[in-house]
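A short write-up of the structure that comes next.
The values are calculated or read from the model by the stated rules, or taken from the named source; none is laboratory data. Just so it is clear, the model here is predicted, and its values are computed rather than measured. Counting neighbours? That spans all protein chains shown, and the Cβs are built from the backbone with ideal geometry, glycine included. Heavy atoms of the whole protein, side chains included, go into the accessibility calculation; ligands, DNA and RNA do not. Shrake-Rupley method; radii C 1.70, N 1.55, O 1.52, S 1.80 Å.
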Amino acid sequence: MASILDDVRQMAKGWRWTHRPLTPRSAEPWAGDPEPREFPTGWARTPAAKATREAVLRYVFRPIVWSESQPTVEGLDNLEQLAPPVLFVANHASHMDTPLLLCSLPRSWRERTAVAAAADYFFDVWWRPATTALVFNTFPIERTGGKRATTTARKLIGDGWNLVVYPEGTRSKDGWLGRWRHGAARLAVEYGLPVVPVALRGTFATMPRGRSWPAKGRLPVSVRFGAPIRPEPGEDFPTLSRRMQQELARLSDEDASTWWESLRREADDRTPALTGPDAPRWRRMWESSRPLPRRTNGRVWPSS
């Protein structure tokens, strides 16, 4: 019996449990483009799946997020004059970001919103895409970029769906904004979509990489929706992408101070950069791991 168990353990160690490429990251620039893969997620937008998702978000994830942290949601009035489809563009530092953002949206918006997710991570093993597509209405996006990366996004926009996009393409390793990709700006320019910046603060301190549950103590987190950014006539996507980054930084500054102070710093070109301080990694992580100040006692269960 012991011999059989040893054989099973040995086989488990050598078995490839995922379909992620074996190419080392250092060699990826010289590797050929991977073969395109199709990840059907249309089933996740059927009436039955939508009803299941709303129940899971409203009665499972919302109580968990609101009881294990102390969320503050601001700026929802910026959605009042908008109609789908729009792009929600946010910074990304935690697995907590998506449920926090979706549960902060009014139900009418949440029901028409899909979330871009990395194809090489969330659509790897069979159970992960099935779970995330059902619960968060995720769709795959290739982190390698190019037009093929946004094929599904284009189809969803054509069907009138809002999209949540994290232009960094992955969670921040130190809590600060990482490399910014231009896919969202390309889509906004191509389709003339309004872009709603969403500043997420405190999620890295509450649930950074490596944690599967929020830290104890109901640490404060913040979600702030900004005014829509619209592509201007003749504007190219790099220019729009810079405006998106600048407004996200100003919005984060507004959340940390006041609307008026953030505007004054913006006018003086003194808006704090979301890329963080030019310091050693330990110092950057120490700064981003500092919990947000508590604003109010808050409610464990949200009123809406």
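Just to check I understand the Karplus step: with θ = phi - 60° and J = 6.51 cos²θ - 1.76 cosθ + 1.60, what whole-Hz values come out for the range 185-197, glycine and proline as x?
Karplus values, whole Hz, x for Gly and Pro: 5, 4, 5, 5, 5, 5, 9, x, 7, x, 10, 9, x.
Return one whole number: the accessible area per residue of the range 147-304 in Å², for a 1.4 Å probe.
Numbers: 8660 Å² over 158 residues.
Normalised by residue count, the accessible surface of the range 147-304 is 55 Å².
Residue by residue, what Karplus-based ³J(HN,Hα) values in Hz, rounded to whole numbers, does the range 99-113 have, using 6.51, -1.76 and 1.60 with θ = phi - 60° and x for Gly and Pro?
For the range 99-113, the Karplus curve yields x, 5, 5, 5, 6, 7, 6, x, 4, 4, 7, 4, 5, 10, 10 Hz.
Output wanted: per-residue J couplings in Hz (rounded whole) for the range 277-286, from phi through Karplus 6.51 cos²θ - 1.76 cosθ + 1.60, θ = phi - 60°, x for Gly and Pro.
In residue order, the calculated couplings are x, 7, 8, x, 4, 5, 6, 4, 5, 5 Hz.
Within the range 47-140, list the GluC sites (Glu not before Pro) lying in a DSSP loop whose Cβ has at most 11 other Cβ atoms in a 10 Å radius.
Taking the range 47-140 and a limit of 11 other Cβ atoms within 10 Å, the loop GluC sites (Glu not before Pro) found are Glu80.
Just in the range 172-203: which trypsin sites (Lys or Arg not before Pro) are loop by DSSP and have at most 13 other Cβ atoms within 10 Å?
Hits after loop and neighbour filter: Arg179.
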